[in-house]
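Before any comments, here is the structure.
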Amino acid sequence: MSIIDEKDHVNFETNASRAKDLIKNDNWNGAFKYLKAAVEADPNYAEGYNLLGIYYTRNHNYPEAIENFRQALHSDFDLTEAHYNLASLYLEREEYNMALPHFKEVVLADPEDSETYNLMGVCCAKSGMAEDAKTFFSESLRLQPDNISAAVNISKLLIKNNEISEAKGILLYFIKKGIANFEVHYLLGIVYKILEDFPRALHHLREAVLEDKNNAEAYNLLGECCVKMNFDKQAESFFVMAARLDTAYLDAYYNLGNLYYNQQKYHDAILTLEEYLRTKEATDFIDSLWADSKSKDETVPLYNLLGNCYKATNNPVKAREIWEKSLSILPEQQDIKEAVSGLSQTSQMHKRISLVID
């Protein structure tokens, strides 16, 4: 069966025109057969291949999409739209090194394209090229000072590199202009927390959760700020909210358990920390089925805290069990080794005393 009826009687111009008319009406499925006929009639029809690439992308057939975008560029390397579409697809597939050269072709054709510079920065940041990323984000902001996405992206890099004043200046610009979104408030919350200006940090983090009520990280940071200000009740509420929003969020569980421990609410701390570990063990089992080898080092502080809780409740058996798990992950912990040794001595003393009584 031919691709379209009466194929021999329909020329290239008619197929291309029909395809474009259907696309204007968002009828990509209807346009497909005419696009195929057009590129078969003219194998150098670059725009047709580009449109086929878009069609396949919309239908999540990424190998065919990539092939058609490449074919478009083979026919016309200067077709900027095909470079942009191919780069965007690579970016979505997290193939950052493949995306970057095509984004570069876009800005060579249009040096004023702020958003593409921002996307180039994203590719570099994801590829570990932080300085190149900062250069591209800066250029994006120079071209478009109100580009919040570029401002947020460069601020994240600056905060990571401890360039706090620079990040603060960029973010405050959007506050002064009254165009800040939740990400700006969230990052400013982090900035002020680092600067130990906890009232300001609380203000911006609250603004962040007002716009994004499912942001577990922001609730956790609110809790941490409240702890620093001795607002323990509020801190507890924020940590609980963070843990509810993300049951795999270690920091929230650790912070809540540590808060209870410092309040000598050891049983509450144990319940909290054990709940996290049950969830984690189930997740680790699923990950093991997919051969996903994740580092367990991050759980060591939680195991150590849980061991302290069991010790405080006079349960040396559980304390030893938990601390030995911690040591199996990170053996060179002298303080934990000494804590386990202390439990052994205590246990032996109890045994000797029991023999005397008998």
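The values are calculated or read from the model by the stated rules, or taken from the named source; none is laboratory data. Note that the structure is predicted; figures quoted are calculated from it, not measured. Neighbour counts are summed over all protein chains in view; Cβ atoms, including those assigned to glycine, are modelled from backbone coordinates with ideal geometry.
Working only within the range 168-209, note down all residues that are among the small types (G, A, S) and surrounded by fewer than 17 Cβ atoms within 10 Å (Cβ to Cβ). Residues satisfying the conditions are G169, G178. Please work out if A269 is out of contact with any strand residue (DSSP E or B) (no Cβ under 6 Å at 6 or more places or on another chain), of a type in the set (A, V, I, L, M, F, W, C) and either more than 21 Å from L205 (Cβ to Cβ) or not in a helix (DSSP H, G or I) (or both). Yes; evaluated as a whole, the condition is true for this residue.
Pairs are defined by a Cβ separation below 7 Å, a sequence spacing of at least 6 or placement on different chains, a first member in the range 318-335 that is within 12 Å of L305 (Cα to Cα), and a second member that is surrounded by 15 or more Cβ atoms within 10 Å (Cβ to Cβ) and of a type in the set (K, R); the pairs so defined are A319/K311. You will find that of S165, S127, S155, the residue that is surrounded by fewer than 19 Cβ atoms within 10 Å (Cβ to Cβ) and within 20 Å of the chain's Cα centre (by Cα) is S127 and no other.
For first residues located in the range 56-69 and more than 18 Å from N27 (Cα to Cα), partners that are modelled with pLDDT under 95 and part of a helix (DSSP H, G or I) and lie 6+ apart or on another chain with Cβ distances below 8 Å do not occur.
Condition check ((1) aromatic (F, W, Y); (2) more than 27 Å from E163 (Cβ to Cβ)) across all residues:
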{"position": "Y45", "(1), (2)": "yes, yes"}
{"position": "I54", "(1), (2)": "no, yes"}
{"position": "H60", "(1), (2)": "no, yes"}
{"position": "Q71", "(1), (2)": "no, yes"}
{"position": "L108", "(1), (2)": "no, yes"}
{"position": "S114", "(1), (2)": "no, no"}
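Scanning the range 107-126 for residues that are of a type in the set (A, V, I, L, M, F, W, C) and touching a residue at least 24 places away in the same chain (Cβ under 8 Å) yields A109, L119, V122, C123, C124, A125. Looking only at the range 137-157, residues that are under 18 Å from A208 (Cβ atoms) and not small (G, A, S) come to 4 in all. When residues of the range 210-249 are filtered for being buried (at least 17 other Cβ atoms within 10 Å of the Cβ), within 19 Å of L188 (Cβ to Cβ) and either more than 17 Å from the chain's Cα centre (by Cα) or acidic (D, E) (or both), how many remain? Number satisfying all stated conditions: 7.
Quick one: would you say F174 is under 18 Å from Y96 (Cα atoms), in contact with a helix residue (DSSP H, G or I) (Cβ under 6 Å, 6 or more places away or on another chain) and aromatic (F, W, Y)? Criteria not met by F174.
Determine, yes or no, whether F12 is surrounded by 15 or more Cβ atoms within 10 Å (Cβ to Cβ), among the aromatic types (F, W, Y) and farther than 24 Å from D113 by Cα. Yes, satisfied. Considering the range 237-274, the residues that are in contact with a helix residue (DSSP H, G or I) (Cβ under 6 Å, 6 or more places away or on another chain) and acidic (D, E) include one that is nearest to P199 (Cα to Cα), namely D251.
Of the candidates G189, G223, the single residue that is modelled with pLDDT of 95 or more and touching a His at 6+ places or on another chain (Cβ under 7 Å) is G189. Could you check, for the range 179-193, whether at least one of its residues is more than 23 Å from K160 (Cα to Cα) and in a helix (DSSP H, G or I)? No, that holds for no residue. Identify, by number, the condition in (1) crowded, with 20+ Cβ neighbours inside 10 Å; (2) under 22 Å from V184 (Cα atoms); (3) of a type in the set (S, T, N, Q) that T135 doesn't meet. Here T135 clears every test but (1).
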